Amino acid sequence: MEQPAAFDIDEAIRRLRDATRAYPPAALFQLAEEGYRDPFAVLVACLISVRARDEVTVPVARKVLSSARTPQEMARLGKAELVELLRPATFAETKARNLLAIAERLRDESERQRLCDETFLLALPGIGPKCAHLVLGIACGIPRIAVDIHVHRITNRWGYVRTRTPEQTLRELERKLPKAYWVEINRLLVPFGKHVCTGTLPRCSQCVHADLCRRVGVTRHR
């Protein structure tokens, strides 16, 4: 089959919007739709989501945030209580320790006001670029690209970028992805990557991008 000269990202995004409507939203976007969209709530939910499936992240984040909706309430929780709330998620003790350290710092109003500052976010324990960018994009209205395994895998599979690591993918997407899609690409590619463009045996026969995708690295598919 003749390969397209260039990947049409505008058409790909348009198709993704239709194709992903049938699937549950990515965890942080689902929680934001439920009202958990202030910077502290998104930060807490993203820390919980690290190495945890969305199906675990959403109910655990609801439980934690219903018990501690503010840094002050979080700081008042004992570590043992917080660990129990986090228990279904991975690394519950480490996440509890990081959340309590963050909450203690954010008790100060002047510190809370810095939650839309990328440098400040990246200095918090347990917070990397993906979580910082999701807080900025979802809660602060500041366009940033959150690259997880789905965004990294699919944009490389498309042939839109050619990178080896998520960090390289972030830099390359910042260079070439239209800014209007910076927040949306994570929201769309997470469910698409879970249900269609999977890590193994992607469902290429059902893919809306069959005529666009270069299928880089795909040796077997359904």
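Restrict the check to segment 197-204 and report whether at least one residue is under 19 Å from residue 8 (Cβ atoms) and buried (at least 18 other Cβ atoms within 10 Å of the Cβ).
So far as segment 197-204 goes, yes, one or more of its residues are under 19 Å from residue 8 (Cβ atoms) and buried (at least 18 other Cβ atoms within 10 Å of the Cβ).
For segment 130-222, give me every one of the helices (runs of 4 or more DSSP H) that falls completely inside it and has 3 or more residues that are within 21 Å of residue 42 (Cα to Cα) and not hydroxyl-bearing (Ser, Thr, Tyr).
In segment 130-222, the matching helices (runs of 4 or more DSSP H) lie at 149-158, 184-195.
Pick from segment 108-129 the residues that are in contact with a helix residue (DSSP H, G or I) (Cβ under 6 Å, 6 or more places away or on another chain) and assigned to a helix (DSSP H, G or I): which of them is surrounded by the fewest Cβ atoms within 10 Å (Cβ to Cβ)?
That would be 122.
Give me the pairs: first residue in segment 18-33 and among the aromatic types (Phe, Trp, Tyr), second residue modelled with pLDDT of 95 or more and not in a helix (DSSP H, G or I), beta-carbon distance under 9 Å, and six or more apart or on different chains, which are they?
The qualifying pairs are 23/196.
If you check residue 99 against the conditions, is it in the same structural domain as residue 133 (by TED's automatic domain parsing), buried (at least 16 other Cβ atoms within 10 Å of the Cβ) and within 21 Å of the chain's Cα centre (by Cα)?
Yes; evaluated as a whole, the condition is true for this residue.
Could you list, in sequence order, the residues of segment 29-66 that are assigned to a helix (DSSP H, G or I) and under 14 Å from residue 194 (Cβ atoms)?
Hits for segment 29-66 are 29, 30, 49, 54, 55, 56, 57, 58.
Of everything in segment 67-95, what is part of a loop (DSSP other than H, G, I, E, B), over 17 Å from residue 135 (Cβ atoms) and of a type in the set (Val, Ile, Thr)? Give them in sequence order.
The one that is part of a loop (DSSP other than H, G, I, E, B), over 17 Å from residue 135 (Cβ atoms) and of a type in the set (Val, Ile, Thr): 90.
Using beta carbons and a limit of 7 Å, which pairs, at least six apart or on different chains, have the first residue in segment 111-140 and at pLDDT below 95 and the second one buried (at least 21 other Cβ atoms within 10 Å of the Cβ)?
As it stands, the answer is 112/71; 112/106, since those pairs meet every condition given.
Tell me whether segment 4-25 contains one or more residues that are under 17 Å from the mean Cα position of the chain (by Cα) and more than 16 Å from residue 207 (Cα to Cα).
yes
The values are calculated or read from the model by the stated rules, or taken from the named source; none is laboratory data. The structure displayed is predicted, hence computed values, not measured ones. Positions of Cβ are generated from backbone atoms using ideal geometry, with glycine treated the same way; all protein chains shown enter the neighbour counts.
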